[in-house]
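The values are calculated or read from the model by the stated rules, or taken from the named source; none is laboratory data. Bear in mind the structure is a predicted one, so any value in this text is a computation, not a measurement. A quick note on method: Cβ atoms are made from the backbone with ideal geometry, for glycine too, and the neighbour counts reach across all protein chains shown.
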Amino acid sequence: NAGVTQTPKFQVLKTGQSMTLQCAQDMNHNSMYWYRQDPGMGLRLIYYSASEGTTDKGEVPNGYNVSRLNKREFSLRLESAAPSQTSVYFCASKVSPNTEAFFGQGTRLTVV
Amino acid sequence: GENVEQHPSTLSVQEGDSAVIKCTYSDSASNYFPWYKQELGKRPQLIIDIRSNVGEKKDQRIAVTLNKTAKHFSLHITETQPEDSAVYFCAASPTNAGGTSYGKLTFGQGTILTVHP
C-alpha cells in the first residue's frame, strides 16, 4: 500500500518548457488535489478534483491545467513554465470532504 | 474566499514546556479544521483535526480547541520533546456558495517550532 505517489521528485525546467507532474493514489479515494508550497506562504490549492470526471480551479490556477485520468490518477501540467512557478508541488487525496488529506512526497520544481 | 491567519511564525521552547499555536479564519461556514506537521523535506502529515460541532479534542500530548463564535482555533502541545520540532500548519475547509466544501483546504502560513533539549 503506497498511499499517494508523485513523479518526478525533482525537476529543472527552462522558461517556456512544458511538463506534466504525475500523481497516483491506491486508497480508492474520491477526491484529489494539487497544492504548491512556497516559503512563508503555507500550501495553496492550484486545482482539485472532487470526484472522477470533475475538476475545478483552486486559489492559484493560472499557468496550470489538470487531468483526472481515472479514479487513481490526477496530473498537473505546466504548458509554458515561468520562474514564478518554482515551488514544491504536493498532490493529496481524500476519501470524503471532512477527512484526512494524504499527501504525496512532493515534487521540487525549479524553473530557470 | 477563506483566509487563515496563523501565529506565531516561529516558536522556540525548552523541552518539557508547552507550545501553543493560534489560527483565525474568515469563512463562518468552514466546518473542518485540521492541523498538519511537516518535518524538513517531508510531506505534511495530519496530527489532529476538529469538526465544528466539537469545542475541544485531545490526543495524548496534543489538543485542539475551537471557538466558532470568534472564528479561531488553537493547537496545544504539552510536555514538548525535541522530536516535536517541525513546521506546523493549521487549515480550514472553506465552502462554495452552495455550502459544499469538496474537501478543499486553506492553510495558514505555518509555525516553525523548535524544542531545545
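Scanning the range B:42-55 for residues that are assigned to a strand (DSSP E or B), more than 11 Å from the chain's Cα centre (by Cα) and at pLDDT 95 or above returns a single hit, B:GLN45.
Can you name the residue in the range A:74-112 that is in contact with a His (Cβ under 7 Å, 6 or more places away or on another chain) and not hydroxyl-bearing (Ser, Thr, Tyr) and is also nearest to B:TYR36 (Cα to Cα) among such residues? Spell out how you get there, then give the answer.
Here is the first cut: in the range A:74-112, the ones in contact with a His (Cβ under 7 Å, 6 or more places away or on another chain) are A:93-95.
Add one more test, that the residue is not hydroxyl-bearing (Ser, Thr, Tyr), and what stays is A:94-95.
Values: A:LYS94: 15, A:VAL95: 17 Å.
Among residues in the range A:74-112 that are in contact with a His (Cβ under 7 Å, 6 or more places away or on another chain) and not hydroxyl-bearing (Ser, Thr, Tyr), the one nearest to B:TYR36 (Cα to Cα) is A:LYS94.
Among the numbered criteria (1) of a type outside the set (D, E, K, R); (2) out of contact with any Gly (no Cβ under 7 Å at 6 or more places or on another chain); (3) within 14 Å of another protein chain (Cβ to nearest Cβ), which one does A:PRO83 miss? For A:PRO83, the failing item is (3). Restricting attention to the range B:1-41 and to residues that are in contact (Cβ under 8 Å) with a residue 60 or more places away in the chain and of a type in the set (Asp, Glu), the residue that is farthest from B:CYS90 (Cα to Cα) turns out to be B:GLU15. Quick test for you: out of A:ARG36, A:ARG44, pick the one residue that is under 11 Å from the mean Cα position of the chain (by Cα), within 29 Å of B:LEU113 (Cα to Cα), crowded, with 21+ Cβ neighbours inside 10 Å and charged (D, E, K, R). On inspection, the qualifying residue turns out to be A:ARG36.
Only one of B:ASP59, B:ASP17 is over 26 Å from A:VAL60 (Cα atoms), surrounded by fewer than 13 Cβ atoms within 10 Å (Cβ to Cβ) and out of contact with any Lys or Arg (no Cβ under 9 Å at 6 or more places or on another chain). Can you tell me which? The match here is B:ASP59. If a residue has to be among the hydroxyl-bearing types (Ser, Thr, Tyr), loosely packed, with under 15 Cβ neighbours inside 10 Å and either at pLDDT 95 or above or within 17 Å of A:SER67 (Cβ to Cβ) (or both) to count, how many in the range A:78-109 make the cut? Selection size over the range A:78-109: 2.
All conditions in (1) over 27 Å from A:VAL88 (Cβ atoms); (2) in contact with a strand residue (DSSP E or B) (Cβ under 9 Å, 6 or more places away or on another chain) hold for B:ASN53, with the sole exception of (2). When the range B:92-117 is limited to residues that are in a strand (DSSP E or B) and closer than 20 Å to B:GLY41 by Cα, the one that is farthest from the other protein chains (Cβ to nearest Cβ) turns out to be B:VAL115. In the set (1) in contact with a helix residue (DSSP H, G or I) (Cβ under 9 Å, 6 or more places away or on another chain); (2) buried (at least 19 other Cβ atoms within 10 Å of the Cβ); (3) of a type in the set (A, V, I, L, M, F, W, C), the condition left unmet by A:VAL112 is number (2). Of all the criteria given as (1) of a type in the set (Gly, Ala, Ser); (2) under 22 Å from B:GLU5 (Cβ atoms); (3) modelled with pLDDT of 95 or more, the one not satisfied by B:SER93 is (3). Taking each residue of the range B:42-65 that is more than 13 Å from every other protein chain (Cβ to nearest Cβ) and looking for partners that are not in a strand (DSSP E or B) with beta-carbon atoms closer than 7 Å, six or more apart or interchain, yields B:ARG61/B:THR78; B:ARG61/B:GLU79; B:THR65/B:GLY55.
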